[in-house]
Amino acid sequence: MSDIERILVIKHGALGDWVLATGCFAAIRRRHRRARLTLLTTPAFADWGARCGWFDEVWTDERPSLLARPFAWIGLRRRLIDGGFARVYDLQTSGRTGLYFRMLPRRRRPEWSGNAAGCSHPHRNPRRDSMHTTAVRAEQLGVAGIEDVPAPALDWLDADIGDLAPPGAFALIVPGGSAHRPEKRWPAERFAELARRLSERGALPVLVGAAAEASILGAIARGAPDAIDLGGRTSLGQVAALARRASCAVGNDTGPMHIAATVGCPSVVLFGAASDPRRSAPRGESVAVLRRSPLASLPVDEVADAAVRLSERA
């Protein structure tokens, strides 16, 4: 194994950002066809790293606290050194991963693509904080000699949806989002009205979300009796499979909407002031971004019209 070049890719999360990084994963794999690629990610994405086909091995990083778990940091440092990596692609570019670079011995530091001070292939565009993350990462890889970064892709993400999908036309509704950022959520009563509108136009509303979002999904289902509530019953692979069959998807700025858009589902994504679509909007063949501040002021008519337009174009 010692004669095979070893490459490390660092990408922790979150879900939407991980999806947006998949084009970078493909480009790195293409550039280093004969190398052994290792992904360093959080436990939540270890299975995806193993399934996607771009990596030979996956390491999990629980991101320990330096003060609370110093020995875990020592172990990680030793593992990075012993990995014998010729190059590291830091696609997280956080303060934490910058510290990973700095804690390596100067004489044994690999080539490093990222924004850590002193790294061999730095991305120094002063506009990086106002650019979409896919553009930032493409520029970063360009500095490291990798051109033509493809669009995000989830061809490998799939699952059996059995009886989950209705037989006719349906629309995915994704009303959830970060529990600690409620300002990123369009009101449940607006989603319920939207669900009724879509049902009247022949697309059965199918609600998806985590079990923790049961109260929101339940409120929508009560306001839209035709809706099918799949809350807590779908894996992310099943979300992808449902999105491939749906006529459209409508939802907040949240990870499952990145999945829907990336697999090609016509997607309407709702943004408020809490996040900037210029930096983090989902990418896909047919994506419409609607933004209002506050998000609750976004009218149902505008959302319904956008969903219908995208569905008809598909």
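What follows draws every value from the coordinates through simple rules; no lab data is involved. Computed from a predicted structure; not experimentally measured. Every residue, glycine among them, receives a Cβ derived from its backbone with ideal geometry; neighbour counts consider all protein chains shown.
In whole Hz, what ³J(HN,Hα) sequence does the range 149-158 give by Karplus (6.51, -1.76, 1.60; θ = phi - 60°), x for Gly and Pro?
Karplus values, whole Hz, x for Gly and Pro: 6, x, 5, x, 9, 10, 4, 7, 8, 7.
When a/c reaches 1.5 or more, the comparison of a/b and b/c decides; with that in mind, is the range 6-143 rounded, prolate or oblate per its Cα gyration tensor?
The shape class here is rounded.
Amide H neighbours of Asn115 under 5 Å, counting only residues 5+ apart in sequence or on other chains, H built in-plane at 1.01 Å?
Amide H neighbours of Asn115, under 5 Å, 5+ apart: His123.
What is the range 67-202's relative contact order, in percent, from Cα pairs under 8 angstrom and six or more apart in sequence?
Result for the range 67-202 is 13 percent.
Determine the relative contact order of the chain: mean sequence separation of Cα pairs under 8 Å and six or more apart, normalised by residue count, in whole percent.
Rounded, it is 16 percent for the chain.
Computed from these coordinates, which is Cα extents along the principal axes in Å: [x] 72, 44, 32; [y] 55, 43, 40; [z] 66, 39, 38?
The value matching this structure is [z].
If you build a Gaussian network model of the chain, linking Cα atoms that sit under 10 Å apart, which residue out of Gly284, Gly218, Gly95 swings the most?
Per the Cα network of the chain with a 10 Å cutoff, Gly95 tops the list.
Against the globular-protein guess of 2.2 N^0.38 Å, express the Cα radius of gyration of the range 105-167 as a ratio, rounded to two decimals.
1.74
With an 8 Å cut-off on Cα pairs and a minimum separation of 6 or more residues, tell me the relative contact order of the range 207-314 in percent.
Once divided by the residue count of the range 207-314, the mean separation gives 20 percent.
Can you list residues whose amide H is under 5 Å from Leu207's amide H, if they're 5+ apart or on another chain and H is modeled 1.01 Å from N?
Correct list: Ile173, Ile228, Asp229, Leu230.
Can you compute the FRET efficiency between Asp148 and Glu5 using 1/(1 + (r/R0)^6), with r the Cβ-Cβ distance and R0 = 22 Å? Round to the nearest 0.05.
0.60
Non-local amide H neighbours of Val9 (under 5 Å, H modeled in plane, Pro and chain starts lacking H): which ones?
Thr38, Leu39, Leu40, Tyr89
Using the alpha carbons of the range 225-291, what is the convex hull volume per residue in cubic angstrom, as a whole number?
Dividing the Cα hull volume of the range 225-291 by its residue count gives 102 Å³.
Please list 3J(HN,Hα) in residue order for the range 36-48, calculated via the Karplus relation 6.51 cos²θ - 1.76 cosθ + 1.60 where θ = phi - 60°; whole Hz, with x for glycine and proline.
9, 9, 10, 9, 9, 9, 7, x, 4, 10, 5, 5, 4
Decide, for the range 170-313, between rounded, prolate and oblate: order the square roots of the alpha carbon gyration tensor eigenvalues as a ≥ b ≥ c, take rounded if a/c falls under 1.5, and otherwise choose prolate if a/b is larger than b/c, else oblate.
Cα axes put the range 170-313 in the rounded bin.
Set the Förster radius R0 to 45 Å, insert the Cβ-Cβ distance between Arg181 and Arg34 as r into 1/(1 + (r/R0)^6), and round the FRET efficiency to 0.05.
0.55
Under a point spin-label approximation (7 Å from Cα along Cα-to-Cβ), what is the Glu302-Ser130 distance to one decimal in nm?
2.3
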